[in-house]
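Visitor: Mind having a look at this structure? Questions to follow.
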Amino acid sequence: MDKGIITKLKKSFEDYAHETDGVEFWFARDLQKLLGYDKWENFLNVIEKAKTACEKSGYEILDHFPDVRKMVDLGSGAKREVEDFMLTRYACYLTAQNGDSQKEEIAFAQSYFAIQTRKQELIEQRISLVERLQARQKLVASETELSKLIYERGVDGDGFARIRSKGDQVLFGGYTTAKMKDKLGVPQSRPLADFLPTITITAKNLATEITNFNVKKDDLQGEERITKEHVLNNADVRQLLSKRGIKPEELPPEEDIQKLERRVRKDEKQIAQSSKKKLAKNRGSK
């Protein structure tokens, strides 16, 4: 995400922050605009999902989503009462987690509300972390789909491993999966992708998605034909990267993604605990 966009969004989110009894909060109708939702009804669906996530995590909904009533101007001096919510930082975080991940505002908010301090460099780091986690999740999904597709076409688990390894060998300029693990210091028992940078994870996912698409479109059968397809797609992706001066085998490893996932879960607990004071007693317009 562009740093200029991050700076602009950071200021907007801070401008709408409120505080009561030492608890930071945002009004839901303000957050609706900040997260790029035009219709309250659509945004309300996101809030309901966030409430469910809050309850499943073992926290009281009213501690983080107390409802309030507000008067809004309709024009010509007329006013109307509308529903709203006072959302703690944790409630905002859960709302962003359940929002449309394609929106830049959502991607920013997921990191903004997870960071207790408002230092921009930490927000930027967090956004990069989340982008890597999301890229890894997409790769898991595409590889899972490929595994199912080829199983239906007569290829067993060992065949899937061979297909994926041959794709890696092309993508990494001749290095097999095992050799890349040795090169990057990755334990042989762990997935290589857990230690790859976001750009490489994304490249592997793109090649796999193309393979999935063509396997279904052309009804490819058997290990040999599917291997040729996957190798070709990895070669094309490598060529694209090479044109931009990127050689996947030369990029340094990143931090173990499992550690990042544990850090995210820890952050979630800290957000909830720091927002544990009840806002319910402060219902009403501010």
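The values are calculated or read from the model by the stated rules, or taken from the named source; none is laboratory data. Because the structure is a prediction, the values reported are computed rather than measured. Please note: Cβ atoms are built from the backbone with ideal geometry, for glycine as well, and neighbour counts cover all protein chains shown.
Visitor: Test residue 87 against the criterion of being outside any helix (DSSP H, G or I) and in contact (Cβ under 8 Å) with a residue 60 or more places away in the chain, and give yes or no.
Guide: Yes.
Visitor: Picking from 39, 3, 33, which residue would you name as being more than 22 Å from the chain's Cα centre (by Cα), surrounded by fewer than 17 Cβ atoms within 10 Å (Cβ to Cβ) and not acidic (Asp, Glu)?
Guide: On the way: 3 fails: more than 22 Å from the chain's Cα centre (by Cα); 33 fails: more than 22 Å from the chain's Cα centre (by Cα).
Unique residue meeting the criteria: 39.
Visitor: Answer with yes or no whether residue 109 is modelled with pLDDT of 90 or more, within 25 Å of residue 127 (Cβ to Cβ) and assigned to a helix (DSSP H, G or I).
Guide: Judged against the criteria, residue 109 is not a match.
Visitor: Would you confirm whether any residue within region 159-168 is farther than 30 Å from residue 7 by Cβ, surrounded by 14 or more Cβ atoms within 10 Å (Cβ to Cβ) and either acidic (Asp, Glu) or in contact with a Gly (Cβ under 7 Å, 6 or more places away or on another chain) (or both)?
Guide: yes
Visitor: Go through region 166-189 and give me each residue that's touching a residue at least 12 places away in the same chain (Cβ under 8 Å), over 23 Å from residue 236 (Cα atoms) and in a loop (DSSP other than H, G, I, E, B).
Guide: 185, 186
Visitor: What number goes with the only condition from (1) modelled with pLDDT of 90 or more; (2) surrounded by fewer than 17 Cβ atoms within 10 Å (Cβ to Cβ) that residue 281 does not pass?
Guide: (1)
Visitor: Yes or no: region 125-144 includes at least one residue that is under 22 Å from residue 238 (Cβ atoms), in the same structural domain as residue 233 (by TED's automatic domain parsing) and in a loop (DSSP other than H, G, I, E, B).
Guide: No, there is no match, as no residue in region 125-144 is under 22 Å from residue 238 (Cβ atoms), in the same structural domain as residue 233 (by TED's automatic domain parsing) and in a loop (DSSP other than H, G, I, E, B).
Visitor: Scan region 226-255 and report the pairs whose first residue is at negative phi and whose second residue is in a loop (DSSP other than H, G, I, E, B) and among the acidic types (Asp, Glu), with Cβ atoms within less than 9 Å and a gap of 6+ or a chain change.
Guide: 229/218
Visitor: When you check residue 79 against the structure, is it basic (Lys, Arg), out of contact with any Ser or Thr (no Cβ under 9 Å at 6 or more places or on another chain), surrounded by fewer than 19 Cβ atoms within 10 Å (Cβ to Cβ) and at pLDDT 85 or above, yes or no?
Guide: Here the answer is no, as residue 79 does not meet what is asked.
Visitor: Can you pull out the residues in region 186-213 that are touching a His at 6+ places or on another chain (Cβ under 9 Å) and not hydrophobic (A, V, I, L, M, F, W, C)?
Guide: 208, 211
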